[in-house]
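**Q** Below you will find the structure I want to go over with you.
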Amino acid sequence: MSSTRPPGAAALQDDFVYHLYRGSELLMSNKLVEAKSEIEQALDMQPDDERGQSMLAGAYFRLGM
């Protein structure tokens, strides 16, 4: 029995959370370009997520976009 699970809803949720959390860490470390990229990846999976949208807006603001 393998410990890897097939791609599905749970795996996509895990990926979303990973990218959102990583984006947050990068924002706090002032690595804005990298943070923007991670948050955009998260929002590609769940575009209506308010936390992600807010974080992305903050990244854009800090980048002067």
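Bear in mind these aren't lab numbers, they're just calculated from the coordinates by the rules spelled out. Note that the structure is predicted; figures quoted are calculated from it, not measured. Neighbour counts run over all protein chains shown; Cβ positions are idealised from the backbone, glycine included.
**Q** What distance in nm separates the two pseudo spin-label positions at residue 44 and residue 57, each 7 Å out from Cα along the beta-carbon direction?
**A** 2.4 nm
**Q** Using alpha carbons only, how many degrees (0 to 90, rounded to 10) separate the axis of helix 32-45 from the longest principal axis of the chain?
**A** 40 degrees
**Q** A further question follows. For a quick size check, give me the Cα extents of the chain along its three principal axes, largest first, whole Å.
**A** 49, 23, 13
**Q** A follow-up question, please. For the chain, what does the helix formula give at 222 nm: sum of -39500 (n - 2.57) over DSSP H segments with n ≥ 4, over the residue count, nearest 500 deg cm²/dmol?
**A** The helix-only estimate for the chain comes to -24500 deg cm²/dmol at 222 nm.
**Q** Follow-up. Nothing charged except the Cβ atoms of Lys and Arg (+1) and of Asp and Glu (-1): what's the magnitude of the dipole of the chain about its Cα centre? Round to the nearest 20 debye.
**A** Roughly 180 debye, rounded to the nearest 20.
**Q** If you don't mind, there's one more thing I want to ask. For residue 30, project a label point 7 Å along Cα to C-beta. Then give me every residue of the range 46-65 with its amide nitrogen under 16 Å of that point.
**A** Within reach of a label on residue 30: 59, 62-64.
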